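Following: one structure in C-alpha cells, then a few remarks.
The values are calculated or read from the model by the stated rules, or taken from the named source; none is laboratory data. Keep in mind that what you see is a predicted model, and the values were worked out from it rather than measured. Glycine also receives a Cβ, built like all others from the backbone with ideal geometry; neighbour counts cover every protein chain displayed.
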Amino acid sequence: MKCEVCSAEVEEEELHRCPICSKLFCDECAVDKGDKKFCSRFCAEYSFYGGPEPED
Ligand SMILES: [Zn+2]
Ligand SMILES: [Zn+2]
C-alpha cells in the first residue's frame, strides 16, 4: 500500500489513517500529538486547537 503523504510503498500495518483528513500515512510522516497520530503538523494542530472531531 502507499502512503498518501510521501507516496512511499509501505506495509498495510505500518499505515495509519488521519482522524482529521482520512489520509493514509506511514510512520515516517506521522506527527504525534497527545496519544494520537496525524498525517501532518497541520492536522495535528487543527485537532489540538479544537477543530471538530469526526464521528466514528
Ligand atoms: Zn509517508
Ligand atoms: Zn491529516
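Residues in segment 5-26 that are more than 8 Å from ligand 1 (Cβ to nearest atom), assigned to a loop (DSSP other than H, G, I, E, B) and touching a strand residue (DSSP E or B) at 6+ places or on another chain (Cβ under 8 Å): 5 in all. Residue pairs whose Cβ atoms lie under 6 Å apart, separated by 6 or more positions or on different chains, with the first residue in segment 1-16 and over 17 Å from Phe38 (Cα atoms) and the second part of a helix (DSSP H, G or I), are Met1/Glu12. Residues in segment 11-56 that are buried (at least 16 other Cβ atoms within 10 Å of the Cβ), of a type in the set (Ser, Thr, Tyr) and at pLDDT below 95: Tyr46, Ser47.
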